[in-house]
Every structure is written in structure tokens, then in C-alpha cells.
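Shown next, in C-alpha cells, is the structure this report addresses.
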Amino acid sequence: MALLDGIKNSSDLKRLPLADLPALAGEVRRLIVEGVSRTGGHLSSSLGATDLILALHYVFDTPRDRIVFDTGHQAYAHKILTGRAPLFPTLRAFGGLSGFLKRSESIHDVWEAGHSSTALAAAAGFETIRVAQGGKGRTVALVGDGSLNSGLSFEALNFLGQRSDLAPIIVLNDNEMSISENVGTFAKLLTSMRTSKSYRTAVKRSRRLPRFLHVWKDKLAMMLRQLASNTTIFDDFGFKYFGPIDGHDMKKLVRSLEMAKNLNRPCVLHVVTQKGRGYQPAEDDRIGSWHGVKPFDPFTGLPKTKKAENIHSWSSIVSDWLMRRADQGKPFKVVVPAMVAGSELVAFQAKYPDRLIDVGICEAFAACFSAALALNGMPVFAPIYSSFLQRAYDQVNHDVCRQNLHVVFGIDRAGLVGEDGDTHHGVFDVSYLGHLPNLTIVQPADAAQATRLLDYAFDVATGPVAVRYSNASQELLDDRGGEPVLTPSWRRITSEGKINLVAYGDNLRRMAALVAKHELPVRLYDARFLKPLDLSCVAEICRSGLPTLVLEDVVEAGGLASMMTSAAFATGLPVSDFHVIALPDRYIEHGKVDELYRLYGLDDASMLLRIQTLIQSK
Ligand SMILES: Cc1ncc(C[n+]2csc(CCOP(=O)(O)OP(=O)(O)O)c2C)c(N)n1
């Protein structure tokens with residue numbers, strides 16, 4: 001790559017003539033497509049933001065100027081331009097580059113995220129310290145139109161608008177898409193800003209003003225905008241608004257960013273980009289299939305590993321159940337915070353558009369809104385990824401559980417998720433939900449159990465229920481069978497043995513296979529209800545006098561094992577020879593789930609050894 005090979009760091013970029021930037025952007029995009037086709041990753045957001053990131057690095061001097069990326073999934077070009085191009089093939093691999101920004105990776109990564117909508121609040125913090133300490137450099141927050149919809153972003157705008165002493169440059173990367181098409185009033189406002197003819201005419205006219213009116217140009221432009229009744233919401237919030245700017249016109253981008261850099265006041269640059277830019281299948285995508293991708297053939301766009309026959313994800317098993325229930329005409333709504341594709345609800349949305357409400361990246365709103373729907377007699381299913389639900393803890397607690405409302409949460413991506421890493425692992429929800437009164441928490445181990453537990457959640461339970469499921473896939477043997485579940489009960493899978501083994505979800509299925517394969521003398525329990533616990537099984541386990549091993553891929557503190565021992569202590573049951581295999585008190589890195597399982601001793605080989613050692617101890 002003729003130009004990119006010469007860019008060892010962002011300072012090299014500044015030596016290039018502006019005219020070379022479009023060609024360099026093409027090379028960066030090529031590297032992104034080639035790399036992501038091998039490693040998987042966030043393709044279309046990164047392609048869409050490439051020109052903009054190049055222009056940002058051309059104009060600003062990082063890390064003296066701070067670029068605060070929202071989420072960080074769009075920042076591959078930033079990694080490539082800041083000395084990490086040679087490591088790009090290791091993206092998302094264990095020990096390799098993170099898929100998001102990481103302060104430990106580069107001094108140019110000044111802020112880390114993975115969850116959306118933190119950039120503006122972080123920029124407010126950076127600016128507060130800069131001003132207080134008389135620091136140099138500018139703070140630039142790069143935020144997407146989808147991420148702007150969240151309450152956290154609005155809270156930051158609300159704060160920043162009143163602080164004219166702070167001067168963040170907010171670069172709004174508007175590609176009209178969240179993962180799929182953006183939703184909500186704000187998305188409509190952005191559309192009208194993009195398309196408003198009177199606004200564009202006003203701005204054009206202001207550009208044609210004679211030179212001697214130069215000083216007044218900005219003010220006149222603003223007045224013209226007002227006359228055209230087109231002040232933007234950003235102007236109303238106290239920012240100087242520039243835009244819309246073509247996010248793929250390098251000259252315009254550089255000029256606009258330079259202007260913002262030289263203006264010492266809070267401003268918003270509204271940059272219009274095309275998600276997936278430069279890779280046709282990603283450009284054409286409107287449902288989010290190219291947002292986060294698995295390895296694919298860059299020439300055909302087809303996935304590298306063909307989906308095996310009859311292998312289904314948990315999300316699709318759950319959405320099939322929802323479809324069947326809707327087909328039966330039963331009343332319920334599905335409330336989704338911006339994850340229609342990831343939750344495999346595209347077909348459901350197409351068939352039942354009135355039943356599915358996409359609220360945007362607003363998990364707290366989703367939970368509170370669902371509470372009110374349920375209070376008014378409408379059962380709700382709210383699928384929310386485990387790690388994203390962290391943001392709605394108070395609404396789940398205060399609004400749903402405290403009022404004991406019948407909202408069924410689908411806790412998707414529960415457990416280790418793999419390559420997305422520490423921001424995305426669903427390893428805290430058992431702890432942060434396990435202590436909430438009124439809440440029932442279940443996790444099916446197979447598709448048939450999923451059906452039975454969802455039936456339970458909707459038809460037997462009357463209060464809040466959390467149904468956990470991971471991002472693993474499984475062979476779909478039977479999703480209708482099994483006994484109906486009428487009470488919160490565990491299942492004993494094998495009868496006699498020398499130790500008790502307790503697991504749930506995918507780990508239960510895996511342990512059942514391991515026990516069968518090695519004919520291990522183990523009493524295996526399926527703890528399908530994490531809350532309430534099946535106290536008769538807990539008592540049976542504690543009184544058995546056998547060693548007990550509990551396996552879970554969540555953090556140990558507050559997990560099933562700790563709930564079991566608390567219950568045992570509270571009821572005077574003996575607890576001895578009790579062993580837990582769970583995740584330690586640290587943020588777990590990125591890598592394939594299998595690799596992480598091996599690292600933390602949850603894999604089959606480690607479990608076999610642990611089980612055999614305990615059996616021999618008896
Ligand atoms: C709290 C939270 N909820 C959901 C997500 C999943 N997510 C990742 S990127 C994204 C869309 C972001 O849209 P936008 O800000 O417009 O950026 P784009 O990808 O379009 O560039 C979503 C919903 C997340 N990262 N964090």
C-alpha cells in the first residue's frame with residue numbers, strides 16, 4: 001500500500017498533501033476489509049468513519065488534542081493511523097488488538113468504551129480539567145447519531161450547554177443508522193437538518209457575503225438561519241452548529257475541522273457519512289448485517305464458515321418462540337433497545353411491526369417504559385444484552401421489580417461473549433439481579449427447556465422474570481418437548497454419584513455430555529432457576545455429605561454458588577467441601593470463548609481433572 005506503508009504514526013500523515021488523503025483513505029479501507037474478513041469485527045461503522053478519522057488526525061495533534069471516540073467500534077482507522085497497522089491482523093484475537101479503544105494499547109486512546117453514548121460526558125470531564133488546569137489542546141468527541149439518542153448523551157449536552165467556558169468540539173457522525181436504521185424524534189430532526197433546503201440556501205448565501213462583512217459572517221449566517229426558522233437544537237443548547245458537511249469530501253472535512261479548531265467555543269460539526277462506505281454489501285445493508293460480522297470472503301461477501309444444518313443461536317430459539325406466541329394471537333409487546341438484528345428479531349418485526357417497539361440505544365428507557373406497559377396490562381418481552389442491561393439497573397430494580405410488574409427480560413449474550421471482550425461479557429447480571437426482590441431468574445440448558453421456561457415466564461409467573469441465554473449456538477433437537485414447568489424447580493440429571501455437580505445453561509449441557517462420555521459417578525443438577533433457588537435441592541446437596549462443585553461463567557461474587565451457600569447458612573444447612581469454578585474478580589479480556597474457558601479453568605479438560613480429583617478424594 002503505497003501511501004499507508006509510509007504512515008508509521010499520525011504525524012507522518014500531516015506531511016502528506018491534502019490531495020493524497022482520498023487515496024490513503026482507500027488504502028485504509030482496503031486494510032480494514034481484508035483484516036475484518038479474517039478476524040471478524042465492526043466493519044460498516046469503521047468504513048463509514050474512515051475519511052472522518054483521517055481528517056481528524058490530519059487537523060488535530062493527538063494525544064495533545066484528545067479524540068474521545070463514542071463506543072469505539074468505529075475506530076479501526078484510528079488504530080491503523082496511530083502505529084497499529086502491523087498489528088491489525090491480531091484484531092480481537094486473544095492477546096491481540098482490542099476491537100475497541102484501549103488506553104493500554106496506545107497513548108492516542110485517551111478514553112475507552114464499548115458501551116455507547118459515553119463520549120460527550122467524558123469530553124465534558126476532559127474539558128473541565130483542561131480549563132481548571134489551564135491545559136492546552138482541544139477535546140473532540142466523535143459520536144454517532146444512534147449513540148446521541150441515549151439519555152446519557154442528552155445529560156452531557158444539558159451540562160455542556162450552560163458551560164460556555166468549556167469548548168469541546170462535538171463531531172456528529174450521522175450515517176442515519178444505529179446498527180439498523182436509527183429511530184426516534186432526534187433521528188427525524190437530523191434528517192430535517194440534512195435535507196432542509198432553506199437552511200442550505202441560508203448557509204450558501206452567507207458564504208457569498210462581501211469580504212468586509214467577514215467578521216459578521218457567522219452572526220449573519222446564524223441570523224439567516226433563524227429567518228429561515230432553522231436554528232438547530234444544537235444552537236438552542238448553546239453550541240455553534242456547522243453542517244451538514246459531506247463526510248467523504250476530504251477537502252470540506254479538513255476545512256471544517258480547521259475552522260472548529262480555531263474557534264474557541266463549544267461547537268457541533270454535523271458530518272454526514274455513509275455506513276459501510278467502500279464495500280458494496282455493507283453500503284447496501286439497512287438491517288445491520290454488516291455492522292458486526294464474522295469472518296467472510298471479501299469477494300463474495302459470504303461467511304467463511306457455513307452455518308451447519310440445524311444449528312441455532314439462542315436468540316433465534318427465543319425469537320421463534322415469540323413468533324409462535326404472536327401467531328397464536330396472544331397479546332404482548334417486544335421492547336428492544338436498538339438490537340433488532342442482534343436479537344434475531346428481523347423476521348418478527350417484519351411480520352408483526354406493531355408488536356415490536358425499537359426504542360433506540362436507551363436501555364433505561366426500555367425497562368421503565370416496559371414497566372408502564374405491564375402496569376397497564378400489556379405483557380412485555382424486553383430482550384437486552386446482559387452487559388447493556390447494566391445501564392438500566394435502577395429501572396429494573398426501582399420501576400419493574402419494586403412494583404412487581406410482569407416484564408420478561410431476555411438477558412441475551414449472558415456469560416462470556418468472546419472477541420468483544422471486557423465491555424461486552426455478560427458476567428455480572430446474576431450478581432446485579434440476584435438480590436432483587438420479586439425477580440425470578442432462569443436459564444435454559446436446551447431449546448426444549450427454553451420453551452418451557454418462556455411458557456413459565458409468561459403464563460405462570462405474574463411478576464418480573466429474567467430469562468438468560470448466551471451467544472452460543474446449539475443443535476436444535478426438540479424445542480417443544482419436556483415437562484411443563486409449574487414451580488421454580490431444578491432438575492437432577494443423573495441419579496447416584498460420588499460428588500454433586502451443579503451447573504446451568506450451556507454449561508449444564510456441556511457437563512451432561514462430559515459426565516456421560518467419561519461415565520463419571522456424578523450427581524448432576526440443572527440449576528435452571530437461579531432465583532428463587534430450589535431449596536429442596538440445595539438441602540439435598542448440603543445433606544449428601546458429598547463434595548459439591550458449582551460451575552458458572554459469571555463472576556463468582558454474587559453468583560449461584562454464593563446464593564446457595566447464603567441460603568444454606570440462613571437455613572442452618574451444613575456447608576462443607578464446597579467448590580466453585582467461576583470467573584475471578586477482574587475484567588475478563590477478549591479472545592475466543594474456548595480460549596477464555598481454558599484460561600480460567602472452565603473448559604472440559606480442566607473440569608474433568610477437577611471432577612476426577614474430587615471423586616478420588618472420597
Ligand atoms: C449501551 C449500549 N447499547 C447497545 C450497544 C450496541 N451498539 C453498538 S454500536 C451501536 C450503534 C451505534 O450507532 P451510532 O452511534 O450511530 O454509530 P454507527 O455504528 O452508526 O457509526 C449499538 C446499538 C452498545 N454498544 N452499548
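The values are calculated or read from the model by the stated rules, or taken from the named source; none is laboratory data. This is a predicted model, so every value here is computed, not measured. Cβ: placed from backbone, ideal geometry, glycine included. Neighbour counts: every protein chain shown. Heads up: the accessible areas ignore ligands, DNA and RNA and are worked out on the full protein's heavy atoms, side chains in. Shrake-Rupley method; radii C 1.70, N 1.55, O 1.52, S 1.80 Å.
Summary of values
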{"item": "Odd one out for Pro266, checked against (1) open to solvent by 20 Å² or more (accessible area, probe 1.4 Å); (2) more than 24 Å from the chain's Cα centre (by Cα)", "result": "(1)"}
{"item": "Residue list for segment 253-306, restricted to those being polar (S, T, N, Q) and in contact with a strand residue (DSSP E or B) (Cβ under 8 Å, 6 or more places away or on another chain)", "result": "Ser256, Thr273"}
{"item": "Breaking point among (1) surrounded by 24 or more Cβ atoms within 10 Å (Cβ to Cβ); (2) over 14 Å from the mean Cα position of the chain (by Cα), for Leu439", "result": "(1)"}
{"item": "Residue in segment 366-388 that is within 15 Å of the ligand (Cβ to nearest atom), touching a residue at least 60 places away in the same chain (Cβ under 8 Å) and more than 19 Å from Gly184 (Cβ to Cβ) present", "result": "yes"}
{"item": "Single unsatisfied condition, Arg391 versus (1) more than 16 Å from the ligand (Cβ to nearest atom); (2) open to solvent by 10 Å² or more (accessible area, probe 1.4 Å); (3) of a type outside the set (Val, Ile, Thr); (4) in contact (Cβ under 8 Å) with a residue 60 or more places away in the chain", "result": "(1)"}
{"item": "Where Thr90 falls short, out of the listed (1) open to solvent by less than 40 Å² (accessible area, probe 1.4 Å); (2) under 20 Å from Asp422 (Cα atoms)", "result": "(1)"}
{"item": "From Val538, Val460, Val515, Val485, residue being touching a strand residue (DSSP E or B) at 6+ places or on another chain (Cβ under 8 Å) and aliphatic (A, V, I, L, M)", "result": "Val515"}
{"item": "Subset tally (residues that are at pLDDT 95 or above, assigned to a helix (DSSP H, G or I) and open to solvent by 20 Å² or more (accessible area, probe 1.4 Å)) for segment 6-26", "result": "6"}
{"item": "Positions within segment 273-283 being on the phi > 0 side of the Ramachandran plot and surrounded by fewer than 18 Cβ atoms within 10 Å (Cβ to Cβ), in sequence order", "result": "none"}
{"item": "Count of segment 396-424 residues which are within 15 Å of the ligand (Cβ to nearest atom), open to solvent by 40 Å² or more (accessible area, probe 1.4 Å) and farther than 30 Å from Glu595 by Cα", "result": "0"}
{"item": "Looking only at segment 74-87, and only at residues there that are in a helix (DSSP H, G or I) and within 16 Å of the ligand (Cβ to nearest atom), the one that is nearest to Gly99 (Cα to Cα)", "result": "Tyr76"}
{"item": "Test: residue in segment 106-122 that is open to solvent by less than 60 Å² (accessible area, probe 1.4 Å), away from the ligand (no atom under 16 Å from the Cβ), out of contact with any strand residue (DSSP E or B) (no Cβ under 9 Å at 6 or more places or on another chain) and assigned by TED's automatic domain parsing to the domain that holds Lys261", "result": "yes"}
{"item": "Residue that is most open to solvent (accessible area, probe 1.4 Å), among those in segment 284-304 that are outside any loop (DSSP other than H, G, I, E, B) and touching a residue at least 12 places away in the same chain (Cβ under 8 Å)", "result": "Gly292"}
{"item": "Matching option when the condition is part of a strand (DSSP E or B) and either touching a residue at least 24 places away in the same chain (Cβ under 8 Å) or among the polar types (S, T, N, Q) (or both), among Ala123, Ala156, Ala141", "result": "Ala141"}
{"item": "Search result, residues across segment 131-149 that are surrounded by fewer than 20 Cβ atoms within 10 Å (Cβ to Cβ) and either of a type in the set (Gly, Ala, Ser) or within 16 Å of the ligand (Cβ to nearest atom) (or both)", "result": "Ala132, Gly134, Gly135, Gly137"}
{"item": "From Ala457, Ala447, Ala461, residue being surrounded by 23 or more Cβ atoms within 10 Å (Cβ to Cβ), in contact with a His (Cβ under 8 Å, 6 or more places away or on another chain) and in the same structural domain as Ser343 (by TED's automatic domain parsing)", "result": "Ala447"}
{"item": "Residue match in segment 504-526 (condition: of a type in the set (S, T, N, Q) and more than 20 Å from Gly415 (Cα to Cα))", "result": "no"}
{"item": "Lone qualifier among Thr71, Thr128, Thr50, Thr62 - being in a helix (DSSP H, G or I), open to solvent by 10 Å² or more (accessible area, probe 1.4 Å) and not assigned by TED's automatic domain parsing to the domain that holds Asp594", "result": "Thr128"}
{"item": "From Gly72, Gly40, residue being closer than 21 Å to Ile588 by Cα and in contact with a Pro (Cβ under 6 Å, 6 or more places away or on another chain)", "result": "Gly40"}
{"item": "Selection count, segment 30-47, where residues are within 15 Å of the ligand (Cβ to nearest atom), in contact with a helix residue (DSSP H, G or I) (Cβ under 7 Å, 6 or more places away or on another chain) and open to solvent by 10 Å² or more (accessible area, probe 1.4 Å)", "result": "0"}
{"item": "Subset tally (residues that are surrounded by fewer than 21 Cβ atoms within 10 Å (Cβ to Cβ) and either in contact with a strand residue (DSSP E or B) (Cβ under 8 Å, 6 or more places away or on another chain) or at pLDDT below 95 (or both)) for segment 360-377", "result": "1"}
